[in-house]
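A short write-up of the structure that comes next.
The values are calculated or read from the model by the stated rules, or taken from the named source; none is laboratory data. In this text the structure is predicted, and so the values were computed from the model without any measurement. All Cβ positions, even for glycine, are placed from backbone atoms using ideal geometry, and neighbour counts span all protein chains on display. Just so you know, the surface numbers come from the protein's heavy atoms only, side chains and all, with ligands and any DNA or RNA stripped out. Shrake-Rupley method; radii C 1.70, N 1.55, O 1.52, S 1.80 Å.
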Amino acid sequence: MYELLRAEQESPITTDTMATQLAVPGRSMLASDWAGLRRGESNIFLQSSCSFSSSSSTHVSSLPRHIIRMLAVSVEKKFVTKKSEEVFTAAKELMPGGVNSPVRAFKSVGGQPIVFDRVKGCKAWDVDGNEYVDYVGTWGPAIIGHSDDKVNAALVEALKKGTSFGAPCVLENELAEMVINAVPSIEMVRFVNSGTEACMGMLRLARAYTGKEKIIKFEGCYHGHADSFLVKAGSGVATLGLPDSPGVPKAATSATLTVAYNDLDGVKELFSTNKGEIAAVVLEPVVGNAGFIVPKKEFLGGLREITLVEGALLVFDEVMTGFRLAYGGAQEYFGITPDLTTLGKIIGGGLPVGAYGGRKEIMQMVAPAGPMYQAGTLSGNPLAMTAGIMTLKRLQQPGTYEYLDSITGKLVAGLLKAGHEAGHELCGGHIRGMFGFFFTAGPVYSFSDAKKSDTGKFAKFHRGMLERGVYLAPSQYEAGFTGLAHTEDDINFTISAAKEVFQSI
């Protein structure tokens with residue numbers, strides 16, 4: 001059955017094939033059994049030891065494909081992660097915590113971290129051969145699917161010319177034009193190698209342009225691991241329950257002011273008590289690093305008005321939301337244009353990349369056009385530029401964001417319904433290809449609201465989904481991502497798995 005499942009994309013599953021693979025001595029399927037299967041109760045096979053027969057009134061061919069996949073997972077074998085355990089045990093002697101980014105270590109959900117072997121489309125396979133529907137998408141970049149054939153082909157051609165030039169190349173121009181044409185706030189852009197680096201450059205630029213030092217950031221928002229931003233940060237900092245990081249001098253954060261997300265009055269109060277000293281207000285327009293938290297209707301527009309009045313810059317960190325909520329990012333989706341924007345993830349198509357950009361008069365402060373220095377050996381490298389160009393071309397196709405909205409909406413609605421029917425307090429939502437849910441009644445409008453979640457219950461849910469072939473971010477405080485490679489079958493499969501897990505926890 002496992003081989004049948006893996007071959008599903010290449011050869012259709014027929015009634016005869018299923019009968020051959022699943023037939024065991026015993027009775028034929030009853031109508032009640034089929035009804036249970038349609039509800040996602042795939043464990044009925046294990047309970048009834050039934051067989052298929054040609055005389056059955058209901059045939060396997062009438063089953064939805066996501067139920068067939070659930071059956072394959074259920075009868076195939078136990079969930080085994082022996083090789084992952086061996087690799088990770090060795091890794092812990094070689095790298096801090098066994099990982100190169102903290103949230104990957106499964107600290108907040110417990111259990112054995114999964115070591116990936118390969119990815120394709122919306123699927124991931126670990127070193128033990130387990131297959132997963134992936135809703136992490138390498139933390140956001142894989143919006144058109146992992147290892148896309150057209151992206152890969154373009155990368156092969158680019159690779160023939162070299163992996164890095166350390167000199168200008170035409171690909172930089174091409175991707176820069178695409179970004180400028182797409183993102184409302186960007187008239188000029190500087191490419192770097194990560195979201196953290198983009199935010200570092202943005203911060204220095206905001207201070208250089210305004211001549212002021214203080215910034216306002218929001219509790220639970222994450223803008224990379226630069227010293228100035230590690231104050232009440234989200235992402236791995238929130239996941240691991242860490243205090244503001246050791247090793248960060250007080251001087252580095254003394255100019256960082258924090259306030260709750262969605263709290264306009266709090267922002268006004270900070271401007272009042274720090275009159276003429278604030279260079280910028282920096283935020284994730286939709287929070288993804290404290291879970292999925294959306295702005296209240298008046299919040300982004302209110303920030304735009306306040307910053308204009310106070311002579312401060314408004315900065316959207318769109319490393320996560322850029323090209324995901326809309327082709328022009330959250331600023332296009334909400335109709336609010338900031339002064340500066342940071343980008344990453346999707347614009348590199350799965351390769352290391354970052355960027356910051358904004359109005360030309362501000363960006364011309366950046367060296368060598370101006371006095372604010374920032375540089376990078378691998379910035380604008382031809383491979384990242386190629387992958388980014390090919391990814392954005394795919395996102396330009398008609399219907400892209402409508403499709404993302406449709407499948408993600410179905411996923412979230414199904415998860416919430418399944419959770420509520422099982423008696424759990426649950427809230428959540430989505431925008432296009434980004435989603436999240438919390439084990440709390442909600443609503444969640446800030447990090448303090450998010451922290452009311454039952455993280456212990458989330459950990460059990462995460463493990464249960466993992467064992468059933470669904471890979472979610474290993475933290476209650478991380479958003480999830482869908483992509484164009486996810487299908488209706490993948491969504492149905494996920495909801496069916498969730499029904500089982502919600503009933504079991």
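Some notes on this structure:
- Any hit, segment 455-465, residues being touching a residue at least 60 places away in the same chain (Cβ under 8 Å), open to solvent by 10 Å² or more (accessible area, probe 1.4 Å), out of contact with any His (no Cβ under 8 Å at 6 or more places or on another chain) and assigned to a loop (DSSP other than H, G, I, E, B): no
- Identity of the residue in segment 197-233, β-branched (Val, Ile, Thr) and at pLDDT 95 or above, that ends up farthest from residue 287 (Cα to Cα): 210
- Any hit, segment 287-301, residues being within 18 Å of residue 198 (Cβ to Cβ) and either open to solvent by 10 Å² or more (accessible area, probe 1.4 Å) or part of a strand (DSSP E or B) (or both): yes
- Search result, residues across segment 105-124 that are in a strand (DSSP E or B) and open to solvent by less than 30 Å² (accessible area, probe 1.4 Å): 121, 123, 124
- Elements of type helices (runs of 4 or more DSSP H) in segment 342-442, at least 2 residues being open to solvent by 60 Å² or more (accessible area, probe 1.4 Å), acidic (Asp, Glu) and out of contact with any helix residue (DSSP H, G or I) (no Cβ under 6 Å at 6 or more places or on another chain): 400-421
- Members of segment 271-286 that are in contact (Cβ under 8 Å) with a residue 60 or more places away in the chain and open to solvent by 20 Å² or more (accessible area, probe 1.4 Å): 276, 277
- Test: residue in segment 402-410 that is among the hydrophobic types (A, V, I, L, M, F, W, C), at pLDDT 95 or above and touching a Ser or Thr at 6+ places or on another chain (Cβ under 7 Å): yes
- Where residue 336 falls short, out of the listed (1) in a loop (DSSP other than H, G, I, E, B); (2) open to solvent by less than 10 Å² (accessible area, probe 1.4 Å); (3) over 30 Å from residue 158 (Cβ atoms): (2)
- Residue match in segment 170-190 (condition: open to solvent by 80 Å² or more (accessible area, probe 1.4 Å) and either among the β-branched types (Val, Ile, Thr) or over 22 Å from residue 327 (Cβ atoms) (or both)): yes
- For residue 158, the test of being of a type in the set (Gly, Ala, Ser), open to solvent by less than 50 Å² (accessible area, probe 1.4 Å) and more than 17 Å from residue 315 (Cβ to Cβ) is passed.
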